[in-house]
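What follows is a structure written as structure tokens; I'll ask about it next.
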Amino acid sequence: MISYVKQSAVTIPGSDILRQKSPVPTRQFSVLPRLPAVKSRRSSVVSIAKPLYVSSIEGFGSLKRSSTDHQKSSLITCKAYEADQSQPVDANIPQPQTRSEAAKKLKIGIYFATWWALNVVFNIYNKKVLNAFPFPWLTSTLSLATGSLMMLISWATRIAEAPKTDLEFWKTLFPVAVAHTIGHVAATVSMSKVAVSFTHIIKSGEPAFSVLVSRFILGETFPVPVYLSLIPIIGGCALSALTELNFNMTGFMGAMISNLAFVFRNIFSKKGMKGKSVSGMNYYACLSILSLLILTPFAIAVEGPQMWAVGWENALSQIGPHFIW
């Protein structure tokens, strides 16, 4: 606030302003409050003919400050707009936090799309192999061996950091690996007997198995909408089983056993692996390695090298010596 006061040109020594007294006190009206007397450091003469400027409203308080304090008080503090995390002027401008959340969602979406695409390719080639070489136990073993070999090479070449595990980790992982092995073999057996589409339609009922197992075995409760959402899933699986032209009980039961085994795999994994500092990729690699060790003796006992040799000769006679087709 700037105030301007101008009086007639009268010059009075600064030391006499406070000592002079009017013989007849007169009451004058002023819009400004009375200012205390201040001794000037630069000049002993004050000319009240010059205009009086009040730089700020704080000047009406105590004027006994140092020059540094006066300079600080007369300055206006300006802060950066986003220093206090205030709202943006334009809501359409993306903030860093919003951009990071969008990047995370995009990354998860890319993971899902990649997993879905690779799963489709895996199922197609798995069915081709089983049509030419109908030995699901060996096929399951070879798929686990391939994944395990890839991760071992990645750890050896330091493409991926090897996990730091101990004996307790492998003990905890063992029941998870057993359930994973059963589910993997059962799904492969199912695909060897029925169409891939039918197997995956039955396997889409895994959420229903998860809810039922959690409710009746673990004692967990879910809201009513969760139970109602299972009705179309169970109904769709039942309708697909009834209308399947090439229905096979072995293929149907393999898909159902795979659902149940994978549900227990997830339960064991969540309960047993809490607090374990192993990344998701390394965890699945360790799971595949342990499942391979569990499955190999059973595959040899169920099918055996003699059956594999005969099946290999039949496959070569049907499709020829093509390893990639």
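Looking at 192, 143, which is the one that is under 29 Å from residue 313 (Cα atoms) and buried (at least 22 other Cβ atoms within 10 Å of the Cβ)?
Of 192, 143, the one residue that is under 29 Å from residue 313 (Cα atoms) and buried (at least 22 other Cβ atoms within 10 Å of the Cβ) is 192.
Something else: For the range 291-305, state whether one or more residues are at pLDDT 85 or above and closer than 30 Å to residue 234 by Cβ.
Within the range 291-305, one or more residues are at pLDDT 85 or above and closer than 30 Å to residue 234 by Cβ.
Still on this structure, I have one more. Among the residues that make up the range 233-247, is at least one of them surrounded by fewer than 17 Cβ atoms within 10 Å (Cβ to Cβ), more than 21 Å from residue 298 (Cβ to Cβ) and under 30 Å from the mean Cα position of the chain (by Cα)?
Yes, some residue in the range 233-247 is surrounded by fewer than 17 Cβ atoms within 10 Å (Cβ to Cβ), more than 21 Å from residue 298 (Cβ to Cβ) and under 30 Å from the mean Cα position of the chain (by Cα).
Condition check ((1) crowded, with 16+ Cβ neighbours inside 10 Å; (2) part of a helix (DSSP H, G or I)) across all residues:
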| residue | (1), (2) |
| --- | --- |
| 164 | no, no |
| 185 | yes, yes |
| 199 | yes, yes |
| 207 | no, yes |
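For the range 105-127, indicate whether the set of residues that are outside any helix (DSSP H, G or I), out of contact with any Leu (no Cβ under 8 Å at 6 or more places or on another chain) and either of a type outside the set (Gly, Ala, Ser) or at pLDDT below 75 (or both) is non-empty.
There is no residue in the range 105-127 that is outside any helix (DSSP H, G or I), out of contact with any Leu (no Cβ under 8 Å at 6 or more places or on another chain) and either of a type outside the set (Gly, Ala, Ser) or at pLDDT below 75 (or both).
If we scan the range 135-148, do we find a residue that is in a loop (DSSP other than H, G, I, E, B), within 28 Å of the chain's Cα centre (by Cα) and either without any contact (Cβ under 8 Å) to a residue 60 or more places away in the chain or farther than 26 Å from residue 272 by Cβ (or both)?
no
Among the residues of the range 256-269, is any part of a helix (DSSP H, G or I) and surrounded by fewer than 16 Cβ atoms within 10 Å (Cβ to Cβ)?
no
If residue 258 satisfies every condition in (1) farther than 22 Å from residue 196 by Cβ; (2) more than 19 Å from the chain's Cα centre (by Cα) but one, which is the exception?
In the conditions (1) farther than 22 Å from residue 196 by Cβ; (2) more than 19 Å from the chain's Cα centre (by Cα), residue 258 misses (1) alone.
A follow-up question, please. Looking only at residues that are surrounded by fewer than 13 Cβ atoms within 10 Å (Cβ to Cβ) and not small (Gly, Ala, Ser) in the range 270-280, which one is modelled with the lowest pLDDT?
Among them, the one singled out is 274.
I've got another one for you. Hey, can you tell me all the residues within the range 166-183 that are touching a Ser or Thr at 6+ places or on another chain (Cβ under 6 Å) and either among the hydroxyl-bearing types (Ser, Thr, Tyr) or assigned to a loop (DSSP other than H, G, I, E, B) (or both)?
181
I'm told residue 160 meets every condition in (1) assigned to a helix (DSSP H, G or I); (2) surrounded by 13 or more Cβ atoms within 10 Å (Cβ to Cβ); (3) not hydroxyl-bearing (Ser, Thr, Tyr) except one. Can you identify the failing condition by its number?
Among (1) assigned to a helix (DSSP H, G or I); (2) surrounded by 13 or more Cβ atoms within 10 Å (Cβ to Cβ); (3) not hydroxyl-bearing (Ser, Thr, Tyr), the lone unmet condition for residue 160 is (1).
The values are calculated or read from the model by the stated rules, or taken from the named source; none is laboratory data. Because the structure is predicted, anything quoted here is derived from the model rather than measured. With ideal geometry, Cβ positions are generated from the backbone for all residues, glycine too; neighbour counts draw on all protein chains shown.
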